[in-house]
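**Student:** Mind having a look at this structure? Questions to follow.
The values are calculated or read from the model by the stated rules, or taken from the named source; none is laboratory data. It should be emphasised that the depicted structure is a prediction, and the values quoted were computed from it without experimental measurement. Using ideal geometry, Cβ is built from the backbone for each residue, glycine included, and neighbour counts are taken over all protein chains shown. Remember, those area values only see protein heavy atoms, side chains included, never the ligands or the DNA or RNA. Shrake-Rupley method; radii C 1.70, N 1.55, O 1.52, S 1.80 Å.
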Amino acid sequence: MLVLRIGALLLICITHWVYNWRNPRCNGKLPPGSMGFPLLGETLEFFRPNTTSNIPPFVKERMKRYGPIFKTSFVGRPVIVSTDSDLNHFVFLQEGQLFQSWYPDTFTEIFGRQNVGSLHGCMYKYLKNLVLNLFGPESLKKMLPEVERTASRRLQRWSSQETVELKEATASMIFDLTAKKLISYDQDNSCENLRENFVAFIQGLISFPLDIPGTAYHKCLQGRKNAMKMLKNLLNERRAMPGKHRSDFFDFVLEELQKEGTILTEAIALDLMFVLLFASFETTSLALTLAVKFLSDDHSVLKKLTEEHEAILRNQENTDSGLTWKEYKSMTYTFQFINETVRLANIVPGIFRKALREIQFKEYTIPAGWAVMVCPPAVHLNPAKYQDPLAFNPSRWEGTEINGASKNFMAFGGGMRFCVGTDFTKVQMAVFLHCLVTKYRWQPINGGNILRTPGLQFPDGFHIQLMEKTRME
């Protein structure tokens, strides 16, 4: 009898817990939606792989069922998903007042507890200024010749190979350039391979957060651990040789750490270094691979892009002098092409913020502490905002000047956390495309299929054969 009573009491408690999970308390009206299973929420559905170039099925199905704003739950956390451009704009506009940057604990575990995405206020502004010193316009002007030399050398090397897998090749190229700029790291003269640890990290970055040996998530954590160990060793080596200046970011960090009253710590500096290395090469290599795939599929766009870059070469007084900053800034169609590429790439499937207090928006209430996920793909592929949104059409950006985010374009984030590496990404993409279309032709061999989990991937790579153009072409 006692066992039956305990069983009944346990059943009542579980039923009450499940009911409260599925019907969270709110002082006003929550957006419609489902909280999924207790603790797990709708995490599995969110991470389910798909091959569409359209709005992710997880989001599209719920938009159809619930509307542009709906509630859900990821890894035990209540989330409001926004595909509404007005709410997205409001969230970015009110950062630091009503919202702050937030990512699930699993992401924080991956990127470090003190990564730039998890820091706020003065510390975030301080780190942002540190990065702008490295990747701001004045620094990029000085970097331009090196970016061009790197792209030219890699393309020359690839043209001597039977085929090249473009995603891996461009990732390696950009990583080497960035690592040299940040920490004077040279793979050829190093006994350890820093990038191998980042590759392991990336393979499990957007995967189900199950930390068991053999899972992608576990490999991701191990990759981060090994990469951080290497970065710490490199920093210690630099600290042990104070007289040997390389004028890179490590030198700058060491100077900051030695200043009296500095707010920078070694842990924050290393986490920042890790994020910069990751963000600079992984996202840009994905965008470049997709860009070349678009060019392979649309010869009219390729022709127009090539004409712009050949015109730059024709107008150069000294053809051996390389690109100037003025020539780079004149690449009007190239920037339209880049905007269209990143609009369709949707490399970042969601941008997370957390409500600092209860917020009323339209007819809905967002409870304090709840996460809000801004969904860029839903905005970028909205037919009400972009005519024929799945079509690749760089000319749709003609006459549009975009130097930051807008209500309908957030490929590089938005608000005060607009990506500080945006200009660096555009320089790398534009210069690479310049070197590619003026000196080479190519043909796809295999691969090129995309997979989203929900982040963009090329599971089979994108293999091409690269050939130098003849003088007659």
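**Student:** Just the residues that are assigned to a helix (DSSP H, G or I), of a type in the set (A, V, I, L, M, F, W, C) and over 18 Å from Ala151 (Cβ atoms), please, taken from the range 409-446.
**Tutor:** Met416 - this is the single residue of the range 409-446 that is assigned to a helix (DSSP H, G or I), of a type in the set (A, V, I, L, M, F, W, C) and over 18 Å from Ala151 (Cβ atoms).
**Student:** Same structure, new question: With respect to Arg65, determine if the residue is open to solvent by 40 Å² or more (accessible area, probe 1.4 Å), over 24 Å from the mean Cα position of the chain (by Cα) and either closer than 15 Å to Gly350 by Cα or modelled with pLDDT under 85 (or both).
**Tutor:** Answer is no for this residue.
**Student:** Then there is this: Working only within the range 163-190, note down all residues that are loosely packed, with under 14 Cβ neighbours inside 10 Å and either in contact with a helix residue (DSSP H, G or I) (Cβ under 8 Å, 6 or more places away or on another chain) or modelled with pLDDT of 95 or more (or both).
**Tutor:** If the condition is that a residue be loosely packed, with under 14 Cβ neighbours inside 10 Å and either in contact with a helix residue (DSSP H, G or I) (Cβ under 8 Å, 6 or more places away or on another chain) or modelled with pLDDT of 95 or more (or both), then Asp186 is the only one that fits.
**Student:** Can Leu264 be described as part of a loop (DSSP other than H, G, I, E, B), surrounded by 13 or more Cβ atoms within 10 Å (Cβ to Cβ) and at pLDDT 80 or above?
**Tutor:** For Leu264, the condition - part of a loop (DSSP other than H, G, I, E, B), surrounded by 13 or more Cβ atoms within 10 Å (Cβ to Cβ) and at pLDDT 80 or above - is met.
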